[in-house]
Every structure is written in structure tokens, then in C-alpha cells.
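Here's the structure we're looking at; comments come further down.
We did not get these values from a lab; they are worked out from the coordinates using the rules stated. From a predicted model like this one, the values you see are computed outputs, not experimental measurements. FYI the Cβ positions are ideal-geometry reconstructions off the backbone, even for glycines, and counts take in every protein chain you see.
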Amino acid sequence: MTGETPRVSVVVPAYNEGAHITPVLDRIFESVRLHCEVLVVVDSADDNTVPVITGYAEKEPRLRCLINTYGRGPANAIRFGIAAAAASVVVVTMADGCDDPRQIDDLARLVDRGVAVAAASRYMPGGQQVGGPLLKGLMSKAAGRSLGLLARIGTRDATNSFKAYSTDFVRNVGIDSRDGFEIGIELTAKARRMRMPVAEIPTIWLDRQAGLSNFKIAQWIPVYLRWYRFAFGPKLTAEQVRAYGQAGKEKTTQ
């Protein structure tokens with residue numbers, strides 16, 4: 001990379017994607033026009049994604065492979081990537097190719113204009129989910145639409161991981177998720193409780209065409225519900241939001 005600070009840091013958590021990640025990276029670098037860095041985060045040096053990223057980075061200096069030291073799992077990989085981001089805007093997108101990288105610029109520009117969270121929404125007019133497990137989709141849609149209507153959270157797709165965030169906002173409120181992909185709903189709920197702006201654009205999500213999904217619905221439902229409930233309530237300060245998250249972590253360790 002040049003010495004210029006990137007406009008957007010793209011964080012891609014990956015687990016044994018191997019060569020499947022190559023076309024995903026191709027689409028990201030073809031699509032993103034803003035000056036960017038792309039951070040692929042894995043849990044260990046022996047992940048089979050590492051040699052693929054290492055080889056790709058020889059011709060693409062904007063790409064880095066990071067070894068997550070926060071603990072295993074997608075939540076910790078995303079936390080690690082955001083902590084390492086150099087840009088004032090970070091976009092989280094998946095390594096499975098389900099997200100549309102052409103929207104990374106639009107999401108990042110919404111954060112540039114002042115929103116704390118910019119969501120790619122499958123459940124607003126113009127959005128669509130193509131494929132994927134039926135139960136997971138129904139639960140996600142019910143959660144997203146009800147939060148949008150009842151909690152006025154600013155998006156109809158709070159559970160989607162494909163989002164852009166103000167890096168300052170994230171580092172101010174912290175990330176308490178340690179399990180799955182619930183960071184998307186956690187940070188959106190935190191922005192709502194602080195009455196910070198959240199915006200959305202429609203997206204078309206396509207189920208992965210290769211490899212296996214790491215989404216564990218039964219294991220992660222309780223943590224999703226925790227942040228779903230948190231979205232409802234009066235305005236809080238950043239200190240109060242952090243205290244809520246800390247209290248939740250203490251309960252899980254008792």
C-alpha cells in the first residue's frame with residue numbers, strides 16, 4: 001500500500017475458505033473505487049486461506065492477511081479486523097461471496113456523511129435474499145422488520161453482517177459479541193440506544209455457491225435475542241452502553 005490513509009477498510013473474516021476466496025477478492029478489488037485496504041482475518045496460521053491470501057497479496061498491495069489473537073470464531077475475527085483498520089470507515093463483508101461488493105463504496109459514503117451504521121438491507125424494497133436455509137431466513141426477516149417498525153432502529157435488516165461502521169463509533173462503544181455473526185445487530189442496537197443515525201440501502205444476497213456455511217443457528221439465537229431486546233429503550237450514553245455490554249460478559253463467565 002502507499003502511505004495514503006485508506007478511505008475504507010474492508011474486513012473479511014475467513015475460515016478455511018482456501019481457493020474459494022479468490023473470486024470474492026477479485027470482485028472486491030474490481031468493484032471498490034474508494035482508496036481501500038482489505039483485511040482478511042483468520043483464526044490461525046494453518047488456516048488454508050492463508051497461502052491463497054499470501055499469493056494474492058504479491059500482486060495486490062491493498063490486501064493483508066491477519067491472524068486473529070482475540071479467540072476463535074467469526075465475532076472475534078471481526079473484532080480483530082476492526083481494531084486493526086486504518087480507515088475512519090470499516091465495512092464488514094463475508095468471505096463466501098454472498099454480499100455484493102459493488103455496494104461497499106455506497107455504504108462507506110453514507111458513513112462519511114454522518115451515519116454511525118450503514119446497512120445493506122435484504123428486507124427493504126429493492127432488496128432480496130436468494131437461497132439459504134428457510135428457517136434462518138424467516139427468523140432474520142422477522143427480527144429485522146420488527147426492529148425497523150417497533151424499535152425504529154433505522155434499518156429493516158439489523159441482522160445482516162454486511163454493514164459499514166464509523167470506526168470511531170465502534171471503538172467508543174466497544175464490541176461485546178464473542179460467538180457468531182451477531183456483531184451486526186449488536187452495533188445497530190447500540191447506535192439506536194445512543195440515538196445515532198442508522199441508514200440502509202437495498203441489497204441482493206445470494207447464498208454461497210461453494211464451501212459450507214459456518215452459521216450455527218441454535219448456538220447463536222440467545223445472543224441475538226439479547227441485542228434484539230436491547231434495541232428497545234430510552235437514550236443511553238456511550239458509558240451506559242459499554243456498562244450494559246460488560247455486565248452481559250460478566251454473566252456469561254459466572
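Among DSSP beta bridges lying fully in the chain, give the percent that are antiparallel, nearest 5. Once the DSSP bridges in the chain are tallied, antiparallel ones form about 25 percent. Annotation: peptides 5-12, 193-200, ranked by per-residue average of other Cβ atoms within 10 Å with the highest first, follow the order 5-12, 193-200.
Of the peptides 115-122, 86-93, the ranking by mean beta-carbon count within 10 Å, highest at the top, reads 115-122, 86-93.
From the Cα gyration tensor of the stretch 8-253, with a ≥ b ≥ c the square roots of its eigenvalues, which class applies: rounded if a/c is under 1.5, or else prolate if a/b is larger than b/c, or else oblate? It is rounded, given that a/c, with a ≥ b ≥ c, falls under 1.5.
Taking θ as phi - 60° and the Karplus parameters 6.51, -1.76 and 1.60, the scalar couplings of the stretch 103-108 work out to 8, 4, 4, 5, 5, 5 Hz in sequence order, x denoting glycine and proline.
A simple spin-label model places the labels of residue 240 and residue 206 4.5 nm from each other, with each point 7 Å out along Cα-to-Cβ.
The angle between the Cα long axis of helix 74-84 and the main principal axis of the chain comes to about 70°, on a 0 to 90 degree scale. Net length available on complete extension from residue 31 to residue 135 is 34.3 nm, with 0.36 nm assigned per residue and the Cα-Cα distance removed.
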